[in-house]
Amino acid sequence: MKYIIAIIQPYRLADVQAELYKEEVNLMTVSEVVGHGRQKGVTEIYRSYRESGNLLRKIRIEIAVNDDFVDRAVKAIMRGARSGESGEIGDGKIFVLPLERVYRIRTGETGGIAIG
Amino acid sequence: MKRFATLLILFLVLFASGGMVFAQNATTTTAAPAASAPAAASTNAWTASAAVPAPAPAQPFDTGATAWMIVASAIVLMMTIPGLAFYYGGLVRRKNVLSTMMHSFGIAAIVSVQWVVIGYSLAFGHSDGPLSPFIGGFKWAFLNGIGPYDPSPYVDPVAATHLVPHYIYIMFQAMFAIITPALISGAFAERIKFGGFALFITLWATIVYDPVAHWVWSADGWLGKLGALDFAGGTVVHMNSGVAGLACALLLGRRRMPEGTSTPPHNVPFVILGAALLWVGWFGFNAGSGVGADGLAASAFLVTNTATAMAALTWMFMDVLFHGKPTTVGAATGAVAGLVAITPASGFVNVAGSLVIGIVVSVVCYLAVALLKPAAKYDDALDAFGVHAIGGAWGAIGTGLFATAMIQPGINGLIYGNPRQMLFQFADIGAVLVYSFVVTTILFKLVDWLVGIKVTPREENIGLDLTQHDEKAYTVID
């Protein structure tokens, strides 16, 4: 089992969801987050005070998957989140982490069966 | 406790001495009634209201003017709450939004009571003796002797026949007395204790605002008699509050953040909402200051809107020039600056004058906010000084430059051949500047000594909403 965390552009969320559904990955947790990469965010100006390094809005998707779904899910996110053919700076990252245990709270089931 | 006792004694002494002055006034007045009676129009109405509390005025009220003054008074209150509360509330960080809104709301409550107890009497009342040009005395404390059918002693300067009830004039001026200290709150936002704030505002309204309003607007005021022109409060309201704001910002010190940094507004739509409410309410402020519903009111409305629009456009242009893009906070700030600057001029200048006043105010205020503030390193959090003092001072100068007899017969400024007017305007600016700065400093130090005025570093870090009011504006979960 793996835990996939993807940080993507907010306006790419709908595409990523569509691609994931095609691969029958139907469970995810989505949150609004802020952050910045090497470009150090945006500059904002309020009454002539320039504030650099402001955090950009991003979407964080978390998905727990069984091992045979990992590649399909990662490729689906990649397809949905990449801007254009060659992609753009700020399209985001995908992290895949080992997942030790899963429990379904309602039934108490555990392991691969609890994940889906 | 000791300090509270000192405060109590201070107040008692103040009121006792006031009572004695009142008693002396009473005796001298009977000896020489209306001896020091002021200028033409106000005299008759004044003595009429003071002498016999008649059930109805000799002349019926002008219902049109009265209706307009009632509406104007109400929308001037709207400038402070919710207008200024949202304007300032949006500009602060979200941990301080309630405290900032509470400054406006609390002042509305404090000054409303102060006004009927003592404020109106000190500002617009009449006192005998050498202090008469400087302070109104206690004759109208608790609105003593003023009834619902008494006509206002202050009337439309052009059509001197307009009669509105004294009560509505008192309420109209009450709203001015409310917004003035509320404007100061932009300077001390995000770092003041609520208790110290409340005491400071009570004292400031009584000892700074009321005398200054008396100087310029009362029948006896020395600046008004001298010939200084301030139609709706460029110096009395805006310079006065802006200068007091600077004094407070300097005395309180910077908020806890690195030098050269500032904080972003937590809710820009609040800022726009507040600025828009100010813009609308300002028609009551300026077009109501003629105390009539007539051509003068219409003219004030026209120039107010024009100068405001021009100032908003100019600020947007400055933003583009300096930073490449027009900002919404900038457009709102420019509009407020325009409103400030046209305030003293609104009953004296025509459209041409208002356009120039609008352009220049945004340029000078922009430079004050963008260059002067960072260079001088004072932390005028929401630019009470940069917009209201600078804008108000320019408005007073602009009035002296562009006043034209086309609006009020016989009143011309420099470019219409009356250079002397500039002297009176500078006297007005100088007097308000010095008095406001010095007395604000004294009051601030007094309150700091009595009850303490700055929050602790820990309270400032946590935010004033939680530490001063046990509340938060926004829940995170449900």
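The values are calculated or read from the model by the stated rules, or taken from the named source; none is laboratory data. Given the structure is predicted, the values throughout are model-derived calculations rather than measurements. Cβ sites come from the backbone with ideal geometry, for glycine too, and all protein chains shown count toward neighbours.
Quick look at the numbers
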| item | result |
| --- | --- |
| Flag for A:Y46 being aromatic (F, W, Y) and touching a helix residue (DSSP H, G or I) at 6+ places or on another chain (Cβ under 6 Å) | yes |
| Among the candidates B:A375, B:A405, residue that is of a type outside the set (D, E), surrounded by fewer than 17 Cβ atoms within 10 Å (Cβ to Cβ) and under 30 Å from B:A159 (Cα atoms) | B:A405 |
| Residue among B:I184, B:I170, B:I179 that alone is out of contact with any Pro (no Cβ under 8 Å at 6 or more places or on another chain), without any contact (Cβ under 8 Å) to a residue 60 or more places away in the chain and either assigned to a helix (DSSP H, G or I) or more than 30 Å from B:A331 (Cα to Cα) (or both) | B:I170 |
| Which listed residue, of B:G386, B:G392, is in a helix (DSSP H, G or I), at pLDDT 95 or above and either more than 13 Å from chain A (Cβ to nearest Cβ) or surrounded by fewer than 19 Cβ atoms within 10 Å (Cβ to Cβ) (or both) | B:G392 |
| Residue satisfying condition, being surrounded by 24 or more Cβ atoms within 10 Å (Cβ to Cβ), more than 13 Å from the chain's Cα centre (by Cα) and in a helix (DSSP H, G or I), within set B:A275, B:A244 | B:A275 |
| Qualifying residue in region A:27-35 (condition: touching a residue at least 60 places away in the same chain (Cβ under 8 Å) and either away from every other protein chain (no Cβ under 14 Å) or of a type in the set (D, E) (or both)) | yes |
| Close pairs (7 angstrom Cβ cut-off, 6 or more residues apart or separate chains): away from chain B (no Cβ under 14 Å) in region A:49-60, among the charged types (D, E, K, R) anywhere | A:R57/A:E32; A:I59/A:E32 |
| B:A352, sole failed condition from (1) at pLDDT 95 or above; (2) within 14 Å of chain A (Cβ to nearest Cβ) | (2) |
| Inter-residue pairs, beta-carbon under 6 Å, first within 18 Å of B:T180 (Cβ to Cβ) and crowded, with 24+ Cβ neighbours inside 10 Å and in region B:117-128, second modelled with pLDDT under 95 and β-branched (V, I, T), 6+ apart | none |
| Selection status of B:M257, surrounded by fewer than 21 Cβ atoms within 10 Å (Cβ to Cβ), aliphatic (A, V, I, L, M) and over 21 Å from B:M78 (Cβ atoms) | yes |
| Filtered residues of region B:319-334 (kept if assigned to a helix (DSSP H, G or I), over 28 Å from B:A287 (Cβ atoms) and at the interface with another protein chain (Cβ under 9 Å from one of its Cβ atoms)) | B:D319, B:F322, B:H323 |
| One residue from A:I89, A:I94 being surrounded by 15 or more Cβ atoms within 10 Å (Cβ to Cβ) and away from chain B (no Cβ under 14 Å) | A:I94 |
| Options B:F138, B:F142, B:F200: the member that is hydrophobic (A, V, I, L, M, F, W, C), on the phi > 0 side of the Ramachandran plot and within 22 Å of the chain's Cα centre (by Cα) | B:F142 |
| Top-ranked residue of region A:1-44 - restricted to ones that are of a type in the set (S, T, N, Q) and surrounded by fewer than 11 Cβ atoms within 10 Å (Cβ to Cβ), ranked as farthest from A:V70 (Cα to Cα) | A:Q39 |
| Qualifying residue in region B:258-274 (condition: in contact with a helix residue (DSSP H, G or I) (Cβ under 6 Å, 6 or more places away or on another chain), away from chain A (no Cβ under 14 Å) and among the aliphatic types (A, V, I, L, M)) | yes |
| Search result, residues across region B:215-237 that are farther than 17 Å from B:V291 by Cβ and out of contact with any Pro (no Cβ under 8 Å at 6 or more places or on another chain) | B:L223, B:L226, B:G227, B:A228 |
| Residue in region A:3-26 that is within 14 Å of chain B (Cβ to nearest Cβ) and assigned to a strand (DSSP E or B) present | no |
| Which numbered condition B:S152 misses (of (1) out of contact with any Asp or Glu (no Cβ under 7 Å at 6 or more places or on another chain); (2) on the phi < 0 side of the Ramachandran plot; (3) modelled with pLDDT of 95 or more) | (3) |
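Here is a yes/no grid of residues against (1) in contact with a Gly (Cβ under 8 Å, 6 or more places away or on another chain); (2) crowded, with 21+ Cβ neighbours inside 10 Å:
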| position | (1), (2) |
| --- | --- |
| B:F194 | yes, no |
| B:F200 | no, yes |
| B:I207 | no, no |
| B:P264 | no, no |
| B:W282 | no, yes |
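Condition check ((1) acidic (D, E); (2) in a helix (DSSP H, G or I)) across all residues:
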residue	(1), (2)
B:G90	no, yes
B:K95	no, yes
B:L122	no, yes
B:S127	no, no
B:D156	yes, no
B:H162	no, no
